[in-house]
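Notes follow once the structure below has been shown.
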Amino acid sequence: MTVDMAADTKDSIYQMTKHYISNPNAIILCIQDGSVDAERSNVTELVSQIDPLGKRTLFVLTKVDLAEELADPNRIRKILSGKLFPMKALGYYAVVTGRGRKDDSIDSIRQYEEDFFKNSKLFHRKGVIMPHQVTTRNLSMAISDRFWKMVRETIEQQADAFKATRFNLETEWKNNFPRLRESGRDELFEKAKGEILDEVVNLSQISAKKWEEILASKLWDKLSNYVFENVYLPAAQSDNFNTMVDITLRQWADQVLPAKSVESGWETLQAQFKDLIEKSKKYPEHDDIFDMLKMAVIDEAMKRHSWEDKAIDMLRIIQLNTLEDRFVSDKHEWDQAVKFFESSVKTKLAQTEETMLEMMGPSWWSRNLHWTYLSKDQQKRRSVKGELDKLLSHDDHHPPTLSFDELTTIRKNLQRSQVDVDTDYIRQTWYHIYRKHFFKHALQKANECRKAYYLYHQQGAECVVNCNDIVLFWRIQQVMKVTGNALRQQVINREARRLDKEIKEVLDELSDDKEKKTHLLTGKRVSLAEEIIKVRNIQEKIEEFINALNEEN
């Protein structure tokens with residue numbers, strides 16, 4: 001230590017040296033200067049503390065060319081035989097690292113060292129030191145040998161650890177999944193990808209008849225409310241049914257119908273594809289590990305998919321042309337229209353009665369059976385209904401709106417019974433009562449028109465039995481048929497293929513997204529398989545490395 005050094009320099013060097021040589025994977029070179037009194041050094045004491053058995057220590061005596069002139073040969077022999085210091089080492093080596101000249105090359109230094117040991121009386125073959133204990137070359141070989149032995153020992157320990165881990169994991173797998181092979185996420189993803197694309201192909205296996213039935217049902221679900229509220233009921237309550245129908249149908253086909261039809265086709269395609277996926281879950285070979293991934297892929301593809309723009313324009317032309325036909329020329333079609341009209345009206349009637357049940361409350365018999373009571377509002381509604389029923393009983397063909405005088409009379413009659421309501425309350429109640437009354441009359445008309453086809457066929461619009469309602473619903477039915485057929489062809493010929501392409505794009509993106517695959521393919525089975533594959537690969541790499549080391553030796 002010099003006067004210019006900081007006070008803690010010596011201790012810092014000591015602690016740093018101790019830190020590095022304490023690493024069990026470090027090879028310790030305990031170097032002593034042969035030109036000075038080695039007993040002054042405390043290095044050997046530190047090394048003996050850290051590596052008391054000398055399993056990774058090599059002792060190196062430097063500057064032995066100077067030591068030969070200054071030191072006692074017996075002392076050097078004791079040093080290099082490990083008998084002078086209280087420490088153990090794998091080997092003891094003497095080296096000469098040059099003459100201290102700055103301009104000496106590596107080759108000249110090496111040559112100087114070889115010449116010294118060849119001519120030295122102390123270190124030549126007949127001297128006191130073994131030849132393998134001298135020269136930097138022998139020291140390097142000793143270090144290399146120790147390094148690879150340590151590597152082999154460490155690798156063999158790691159191999160044993162991974163072998164035990166692999167055995168435990170594979171035993172756990174056999175206990176939990178005895179009939180399955182360990183498949184990682186990438187392999188499972190590829191299998192799921194194939195199954196999803198197979199389901200797209202299965203869309204083409206759905207028959208044309210089934211497509212049209214499903215599309216017709218979806219179309220009517222989408223269109224029925226508009227047909228009743230914007231076409232049929234306004235026309236039925238007007239003075240000129242046919243004129244009103246023609247105007248509203250043309251507006252409908254020009255603006256609303258094509259877009260709603262495409263919407264129905266798109267929703268049907270989506271529903272059928274998801275239905276195929278759901279049905280596949282019932283197959284014996286179904287693997288539920290793919291369910292979340294499949295639905296995520298389908299949902300994403302559906303978000304991206306949009307119906308071809310030109311389809312709307314094509315549908316508009318077809319629908320407008322179909323609605324131009326106003327004459328039913330076939331008895332079978334007439335019967336189908338009557339059935340369609342009757343079924344549709346019954347559905348509306350049932351909905352109206354359900355609404356009225358909520359407004360008026362259950363019947364007397366139902367209340368007694370279930371021990372329920374009417375609310376105050378339900379009691380009030382029933383009182384209003386009683387007055388409105390009287391009105392309809394006197395005028396079975398009452399118009400859809402109540403006159404001012406009728407509203408005033410009903411209010412006064414209710415007030416005599418201690419029921420006070422405003423005119424809006426009466427109108428709101430009347431709306432549902434009149435709808436129920438209207439739908440019941442419509443069903444009677446359907447029954448009359450069922451047998452009136454031949455009269456209609458002979459007399460047309462002048463037919464004594466007014467069946468304009470049936471003709472309207474026949475026109476609706478016809479436009480739904482041609483729409484369903486056009487949508488079916490679009491689905492099979494264009495949309496299914498485009499959907500297939502979009503699904504492939506989603507799958508390609510997911511295949512490169514490790515985070516999403518981890519989220520969508522999850523569970524003990526996947527995590528355990530991934531761990532087994534990982535451990536197995538590491539173990540195999542370690543064994544390959546060990547074999548390479550053995551071959552090198």
Next on the checklist: Projecting each Cα onto the charge dipole of segment 422-509 (Lys/Arg +1, Asp/Glu -1 at the beta carbon, about the Cα centre), which of 468, 492, 482 comes out farthest on the positive side?
Outcome noted: 468
Checklist outcome for this item: Helix-only [θ] at 222 nm, the chain, -39500 (n - 2.57) per DSSP H run of 4+, per residue, nearest 500, equals -22500 deg cm²/dmol
Checklist outcome for this item: Calc'd 3J(HN,Hα), segment 269-276, phi into Karplus 6.51 cos²θ - 1.76 cosθ + 1.60 (θ = phi - 60°), Hz, glycine/Pro = x, comes to 4, 4, 5, 5, 5, 5, 5, 5
Checklist entry - For segment 505-521, what does the Karplus curve 6.51 cos²θ - 1.76 cosθ + 1.60, with θ = phi - 60°, yield as ³J(HN,Hα) per residue in whole Hz, taken in order and with x for Gly and Pro? => result 4, 4, 5, 5, 5, 5, 4, 9, 9, 4, 5, 5, 4, 5, 6, 8, 10
Checklist entry - So who's got an amide H within less than 5 Å of the one on residue 31, skipping anything under 5 residues away but keeping other chains? H placed 1.01 Å off N, in plane. => result 60
Checklist outcome for this item: Over the chain, with neighbouring protein chains present, the accessible area per residue in Å² at probe 1.4 Å is 59
Checklist entry - Ignoring ligands and nucleic acids, what accessible area does residue 450 show with a 1.4 Å probe (Å², nearest 10)? => result 80
Checklist entry - How far is helix 331-360 tilted off the main Cα axis of the chain, in degrees rounded to 10, range 0 to 90? => result 80
Checklist entry - Hey, what's the Kirkwood Rh for segment 312-371 if you take every pair of different alpha carbons, in angstrom? => result 15.6
Checklist entry - Let a ≥ b ≥ c be the square roots of the eigenvalues of the Cα gyration tensor of segment 273-345; is it rounded (a/c under 1.5), or, if not, prolate (a/b larger than b/c) or oblate? => result oblate
Checklist outcome for this item: dims of segment 52-161, Cα set, principal axes, largest to smallest, nearest Å -> 53, 34, 24
Checklist entry - Any idea what log10 I(q)/I(0) is at q = 0.18, 0.21, 0.25 Å⁻¹ for segment 49-107, Debye with uniform C-alpha scatterers and no solvent? => result -0.72, -0.85, -1.00
Next on the checklist: Past 21 Å, Cα to Cα: identify those pairs from 279/517; 163/514; 222/331; 174/281; 191/514, in the order given.
Outcome noted: 279/517; 163/514; 222/331; 174/281
Item to check | ³J(HN,Hα), Karplus 6.51/-1.76/1.60, whole Hz, each residue of segment 383-389, x for Gly, Pro | outcome: 5, 5, 4, x, 5, 5, 5
Checklist outcome for this item: Toy charge model, Lys and Arg Cβ at +1, Asp and Glu Cβ at -1: the chain dipole around Cα centroid in debye, rounded to 20, equals 1160
Checklist entry - In square nanometres, what is one fourth of the surface area of the convex hull spanned by the alpha carbons of segment 293-440? => result 17.7
Checklist outcome for this item: Expressed as a whole-number percentage, the relative contact order of the chain with C-alpha contacts under 8 angstrom and at least six residues apart is 18
Checklist outcome for this item: So the carbon and sulfur contribution to the accessible area of segment 342-415, 1.4 Å probe, in percent, is 55
Checklist entry - From the square roots a ≥ b ≥ c of the eigenvalues of the alpha-carbon gyration tensor of segment 396-436, which class results: rounded (a/c under 1.5), prolate (a/b over b/c), or oblate? => result prolate
Item to check | Dipole-positive endmost among 144, 167, 116 within segment 97-187 (Cβ charges, Cα centre) | outcome: 116
Checklist entry - So what are the three principal axis dimensions of segment 440-547 from its Cα atoms, in whole Å, longest to shortest? => result 103, 31, 19
Checklist entry - With N residues in the chain, what two-decimal value do you get for its Cα radius of gyration over 2.2 N^0.38 Å? => result 2.01
Item to check | Largest-first ellipsoid semi-axes for segment 109-251, taking √(5λ) over the Cα gyration tensor eigenvalues, angstrom | outcome: 96, 23, 13
Item to check | Helix axis angle, 106-119 relative to the chain longest principal axis, alpha carbon, degrees | outcome: 40
Checklist entry - Is segment 184-266 rounded, prolate or oblate when judged by the Cα gyration tensor, a ≥ b ≥ c being the square roots of its eigenvalues, rounded requiring a/c under 1.5 and prolate requiring a/b larger than b/c? => result prolate
Checklist entry - Nearest 10 degrees, 0 to 90: what angle lies between the long axis of helix 423-450 and the longest principal axis of the chain (Cα atoms)? => result 80
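The values are calculated or read from the model by the stated rules, or taken from the named source; none is laboratory data. Remember, it's a predicted structure, so these values are computed and weren't measured experimentally. Neighbour counts run over all protein chains shown; Cβ positions are idealised from the backbone, glycine included. Just the protein is used for accessible areas: all its heavy atoms, side chains included, with ligands, DNA and RNA removed. Shrake-Rupley method; radii C 1.70, N 1.55, O 1.52, S 1.80 Å.
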